[in-house]
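Novice: Below is a structure I'd like to ask you about.
The values are calculated or read from the model by the stated rules, or taken from the named source; none is laboratory data. What you are looking at is a predicted structure, and each value in this text was computed from that prediction instead of being measured. Cβ coordinates were reconstructed from backbone atoms using ideal geometry, including for glycine residues, and neighbour counts include every protein chain displayed.
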């Protein structure tokens, strides 16, 4: 029997898909926007490299800004209403893409998309963590990665084969369906309700989520009250004054930053151009579709890995595997530049390296940092910490996407990918030294552990 909590998690996952479509939206769109064919390109003329960079990076600027107020909003109107508000900008942005005929409309829509993406990454793991039990929290939060990667897959799967208008018309449906489903099936979180003194509502909510009676949720209500009683409302400065919370912030911010510096964002945005330049024996359209499908399929591994191994081991495996995979991709481009004849014999290596990178990235570094950050902070600073960490993540995403073409010009394709490879190795060492294992631990146990280890 599917639990009511899992149904609510799946509803949130629809918003995750709506948001992560934006991550790979550019891959099939760039070839169309660069085209001189007016039947393909809705703009009056092809975009420039500078416009290319802004179309990609304005999403990240919007995400940095969108993440900042989400903590205050979530604490004011609740987690559920905040998530519903996040879906509306996605709806508006995708509609703008349908009718856009000037490049500035793409700028505005990408920025609007970004507002929702940044807020969503901060709030979705928090919502899921607050409605789940200690036993199911890690595995349920890991479902976000599955639906994030499904969002990554969709532009690869359909974008190259249909017009800009039809493509974006399809995308409008995802936030629209989320709004309807989430209103119908998802509750407010019990922790928020108790925090606001709405104890009876919290009891009813938990009874629904746990499929039990009032007596069955009494212990959990007491635990939530204890968590809230231990911590008065906090600010960002409280995080930096408290040694345990400083450690939690450093761990969370570093992990989400490594998630961007790993190279996944740049590869996602520029997958088709990368495949076109690699001169493989398959077309860029087919290659990107294959990578997109593998992105979705391999995303299921993270949930099983977390359930069996916890979080640290999958993270370490993921970082090392990423480093080796993307090093091999850089090696191919180095061989292509120095020995084209040898490179023709290795035409299979770019797609193999990309598929390997996707599998390892999904195994840990894609979703686990967000699951970790949703667990390390007490309730009084959870919202502000989530917003701050999301902004940090999107700042590094902005750097990797906005300057990707500049890095290629300066270091070459090979050098750029080797830089990403090095970042993954640093992430592996950081995880070994700093990241704690939280599998099966309650919020109280996690917070006590952080304080004691300082």
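Novice: With the structure loaded, tell me whether residue 306 is more than 21 Å from the chain's Cα centre (by Cα) and over 26 Å from residue 412 (Cβ atoms) or whether it fails that test.
Specialist: Against the criterion (more than 21 Å from the chain's Cα centre (by Cα) and over 26 Å from residue 412 (Cβ atoms)), residue 306 does not qualify.
Novice: In the list 433, 358, which residue meets the criterion of being closer than 19 Å to residue 152 by Cα and at pLDDT 90 or above?
Specialist: Result: 358 is the single residue among 433, 358 that is closer than 19 Å to residue 152 by Cα and at pLDDT 90 or above.
Novice: Still on this model: Take the range 147-173 and flag every residue that is over 19 Å from residue 271 (Cβ atoms), surrounded by fewer than 21 Cβ atoms within 10 Å (Cβ to Cβ) and touching a residue at least 40 places away in the same chain (Cβ under 8 Å).
Specialist: 163, 165, 169, 172
Novice: Here is a further query. Answer yes if at least one residue in the range 333-353 is assigned to a helix (DSSP H, G or I), surrounded by fewer than 21 Cβ atoms within 10 Å (Cβ to Cβ), within 28 Å of the chain's Cα centre (by Cα) and without any contact (Cβ under 8 Å) to a residue 40 or more places away in the chain, and no otherwise.
Specialist: Taking every residue of the range 333-353 in turn, at least one turns out to be assigned to a helix (DSSP H, G or I), surrounded by fewer than 21 Cβ atoms within 10 Å (Cβ to Cβ), within 28 Å of the chain's Cα centre (by Cα) and without any contact (Cβ under 8 Å) to a residue 40 or more places away in the chain.
Novice: Does residue 51 count as at pLDDT 90 or above and within 28 Å of the chain's Cα centre (by Cα)?
Specialist: Spelling it out, residue 51 is indeed at pLDDT 90 or above and within 28 Å of the chain's Cα centre (by Cα).
Novice: Something else about it: Could you tell me which numbered condition residue 421 fails, if it satisfies all but one of (1) modelled with pLDDT under 95; (2) closer than 28 Å to residue 118 by Cβ?
Specialist: (1)
Novice: Out of 384, 433, which single residue is without any contact (Cβ under 8 Å) to a residue 40 or more places away in the chain and either crowded, with 19+ Cβ neighbours inside 10 Å or within 22 Å of residue 314 (Cα to Cα) (or both)?
Specialist: Being without any contact (Cβ under 8 Å) to a residue 40 or more places away in the chain and either crowded, with 19+ Cβ neighbours inside 10 Å or within 22 Å of residue 314 (Cα to Cα) (or both) holds for just one of 384, 433, which is 433.
Novice: Which fully enclosed helices (runs of 4 or more DSSP H) of the range 215-308 have 2 or more residues being buried (at least 19 other Cβ atoms within 10 Å of the Cβ), at pLDDT 85 or above and in contact with a helix residue (DSSP H, G or I) (Cβ under 8 Å, 6 or more places away or on another chain)?
Specialist: Counting at least 2 such residues, we get 243-261, 264-269, 271-278, 284-298.
Novice: Mind checking whether some residue in the range 75-82 is out of contact with any strand residue (DSSP E or B) (no Cβ under 9 Å at 6 or more places or on another chain), farther than 22 Å from residue 147 by Cα and buried (at least 17 other Cβ atoms within 10 Å of the Cβ)?
Specialist: For the range 75-82, residues out of contact with any strand residue (DSSP E or B) (no Cβ under 9 Å at 6 or more places or on another chain), farther than 22 Å from residue 147 by Cα and buried (at least 17 other Cβ atoms within 10 Å of the Cβ): present.
Novice: Return a yes/no flag: does the range 12-34 have any residue that is assigned to a loop (DSSP other than H, G, I, E, B), in contact (Cβ under 8 Å) with a residue 12 or more places away in the chain and over 20 Å from residue 174 (Cα atoms).
Specialist: Taking every residue of the range 12-34 in turn, at least one turns out to be assigned to a loop (DSSP other than H, G, I, E, B), in contact (Cβ under 8 Å) with a residue 12 or more places away in the chain and over 20 Å from residue 174 (Cα atoms).
Novice: Quick one: is residue 321 surrounded by fewer than 21 Cβ atoms within 10 Å (Cβ to Cβ) and either in contact (Cβ under 8 Å) with a residue 24 or more places away in the chain or touching a helix residue (DSSP H, G or I) at 6+ places or on another chain (Cβ under 7 Å) (or both)?
Specialist: For residue 321, the condition - surrounded by fewer than 21 Cβ atoms within 10 Å (Cβ to Cβ) and either in contact (Cβ under 8 Å) with a residue 24 or more places away in the chain or touching a helix residue (DSSP H, G or I) at 6+ places or on another chain (Cβ under 7 Å) (or both) - is met.
Novice: When the range 187-207 is examined, which residues are found to be more than 17 Å from residue 82 (Cα to Cα) and either at pLDDT 90 or above or assigned to a helix (DSSP H, G or I) (or both)?
Specialist: 194, 198, 199, 200, 201, 202, 203, 204, 205, 206, 207
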